[in-house]
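Student: Attaching a single structure in structure tokens format; questions to follow.
The values are calculated or read from the model by the stated rules, or taken from the named source; none is laboratory data. Just so it is clear, the structure is predicted and the values come from calculations on it, not from any experiment. With ideal geometry, Cβ positions are generated from the backbone for all residues, glycine too; neighbour counts draw on all protein chains shown.
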Amino acid sequence: MVNLYVSAQLPPVVKTTNPHIRSTALTQKYLSPVRVVWTSDKSEKQVKNMESILKPGIGQADLNQGKYLTLASDSVSQPGIILDFGCEIQGGIEIVTTINNTNPAGKIRIRFGESVGETMSNVGERGATNDHAMRDFVITLPWLGRIEIGETGFRFIRIDLIDPNTKLEIKEINAVFRYRDIPYLGSFTCNDERLNKIWITGAYTVHLNMQNYLWDGIKRDRLVWLGDMHPEVMTINTVFGNNEVVPKSLDLARDLTPLPNWMNGISSYSLWWILIQRDWYYYQGNLEYLKKQQDYLTGLLHYLATKIDNNGKEILDGNRFLDWPSSENPAAIHAGLQSLMVMAFEAGNELLTILGDQTNAEFCKQTVLRLKKHIPEMNTSKQAAALLALAKLIPPERANTEVLAQNGVHGMS
């Protein structure tokens, strides 16, 4: 019997000439538009054959003649079209042009949008966050060719032909969807369809953020922010299970932040790193991974202990940040940081006990007792109240009655 094994490999030419090759766990799929939302020309003189762009594409230019989407400008008008791809995705677009174009085919302005209104707007003087994920720009299209462009979150796309007195013929416009092809292991269903939609929207939002690293958002910073990571990681634990994007992102933050620096420059984010490590271990149980964190974890906890005064009050430096609603309330920030310090040292005690380091586990336990000597006020902040309750510094009933239940959702993050 002969056993044959076939595995994917790099072409020999590439493998032997460049040792610096990076792989990705992302999958790429192409989505055809589901409808034409708007055109600039209802007479169909400057925007013709728009329904042809809805046909499923193959991503390949060819020599065939046919009825394709045609944008025709004059010296005054710039024709445009808005397409809907059905749902929000992370990625860009693919455009395929025909033989019936000039060489090059012409300049177009592309505007990505989560809403139709966003595709219809201009960035203005301050940029309107057209920065980390570019959503409004001009490119030149190839003649009889294909181009992929864009890296942002969007559902809608607007394309305007900006060259005057030009005719542009486009065979295909497809969305390029980049995501992790992973199963939804967790689920939620109840008799309230709105709640069901809210749940799946939250799960999908985190799924979109699971790119090569775990981002805070596909439209804004696209960075590994440790404060944003905690709710994302809890969602991953619940919905997707064990995924390499979490330890990969935690390790990136650790490696970019040698002690005594704070992760992302924010002292509370180093506290969140500890809390995420604890929760990730409890859900996934990877002791070997936890052991790799022991040196950094122990060093961080000892450094954090130097940021407590003789009365048990936290005196963290760096950027003292809790969340945006509380960012101008120093008293609320202090209450939140005091609570997070308690929670982080409790987590440190648990993790170091698991790792068999009883000496440093006891150090964490005693540090918690020091911190609990100082109990800040809630200062009308719902974030501070919630964290004080979670840290067991105040009764949850008091936090709810005096602050959390007041004024509905106002003041929530």
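Student: Could you list, in sequence order, the residues of the range 82-117 that are charged (D, E, K, R) and under 13 Å from W38 (Cβ atoms)?
Tutor: D84, R111
Student: Which residue pairs have Cβ atoms under 7 Å apart, sit 6 or more places apart or on different chains, and have a first residue in the range 14-35 that is closer than 29 Å to L83 by Cα and a second that is of a type in the set (S, T, Y)?
Tutor: Every condition considered, the pairs that remain are L26/Y179; T27/Y179.
Student: If you go through the range 306-320 one residue at a time, do you hit one that is within 29 Å of T238 (Cβ to Cβ) and touching a residue at least 40 places away in the same chain (Cβ under 8 Å)?
Tutor: The answer is no, given that none of the residues of the range 306-320 is within 29 Å of T238 (Cβ to Cβ) and touching a residue at least 40 places away in the same chain (Cβ under 8 Å).
Student: Now for a separate question. Only one of these conditions is not met by A389: (1) surrounded by fewer than 20 Cβ atoms within 10 Å (Cβ to Cβ); (2) closer than 28 Å to T298 by Cα; (3) in contact with a Pro (Cβ under 6 Å, 6 or more places away or on another chain). Which number is it?
Tutor: (1)
Student: Within the range 269-292, is there a residue that is assigned to a loop (DSSP other than H, G, I, E, B) and under 22 Å from A391 (Cα atoms)?
Tutor: Checked against the condition, which is being assigned to a loop (DSSP other than H, G, I, E, B) and under 22 Å from A391 (Cα atoms), the range 269-292 yields no hits at all.
Student: Follow-up. Would you be able to tell me the number of residues in the range 309-319 that are closer than 20 Å to T257 by Cβ, surrounded by 17 or more Cβ atoms within 10 Å (Cβ to Cβ) and of a type outside the set (G, A, S)?
Tutor: 2
Student: Right, next: Quick one: which of P325, P258 is surrounded by fewer than 19 Cβ atoms within 10 Å (Cβ to Cβ), in a loop (DSSP other than H, G, I, E, B), without any contact (Cβ under 8 Å) to a residue 12 or more places away in the chain and assigned by TED's automatic domain parsing to the domain that holds E346?
Tutor: After ruling out the rest, the residue left standing is P258.
Student: Going residue by residue through the range 231-246, is there one that turns out to be of a type in the set (S, T, Y), assigned to a loop (DSSP other than H, G, I, E, B) and farther than 30 Å from T97 by Cα?
Tutor: No, the conditions are met nowhere in the range 231-246.
Residues are listed down the side, and each one gets a yes or a no for (1) of a type in the set (A, V, I, L, M, F, W, C); (2) over 19 Å from the mean Cα position of the chain (by Cα):
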| position | (1), (2) |
| --- | --- |
| T166 | no, yes |
| A175 | yes, no |
| R180 | no, no |
| S187 | no, yes |
| K197 | no, yes |
| T201 | no, no |
| L208 | yes, no |
| G217 | no, no |
| R222 | no, no |
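Student: Examine the range 122-137 for a residue that is over 27 Å from L208 (Cβ atoms), touching a strand residue (DSSP E or B) at 6+ places or on another chain (Cβ under 7 Å), at pLDDT 95 or above and not hydroxyl-bearing (S, T, Y), and state whether such a residue exists.
Tutor: no
Student: Condition first: of a type in the set (V, I, T), surrounded by fewer than 18 Cβ atoms within 10 Å (Cβ to Cβ) and not in a loop (DSSP other than H, G, I, E, B). Now tell me which residues in the range 355-375 satisfy that.
Tutor: Correct list: T359 only.
Student: Please enumerate the residues belonging to the range 135-163 that are outside any strand (DSSP E or B) and closer than 14 Å to G80 by Cβ.
Tutor: I162, D163
Student: With the condition kept exactly as written, say whether any residue in the range 165-175 is buried (at least 16 other Cβ atoms within 10 Å of the Cβ), in contact with a helix residue (DSSP H, G or I) (Cβ under 8 Å, 6 or more places away or on another chain) and in a loop (DSSP other than H, G, I, E, B).
Tutor: No, the range 165-175 has no match at all.
Student: Quick one: in the range 48-61, which of the residues that are more than 12 Å from P33 (Cβ to Cβ) and in contact (Cβ under 8 Å) with a residue 40 or more places away in the chain is nearest to the chain's Cα centre (by Cα)?
Tutor: G59
Student: Kindly provide the set of residues from the range 36-47 that are more than 30 Å from the chain's Cα centre (by Cα) and touching a residue at least 24 places away in the same chain (Cβ under 8 Å), ordered by number.
Tutor: Those that are more than 30 Å from the chain's Cα centre (by Cα) and touching a residue at least 24 places away in the same chain (Cβ under 8 Å): T39, S40, D41, K45, Q46, V47.
Student: Count, please, the residues in the range 329-348 that happen to be buried (at least 21 other Cβ atoms within 10 Å of the Cβ) and either outside any helix (DSSP H, G or I) or not aliphatic (A, V, I, L, M) (or both).
Tutor: 6
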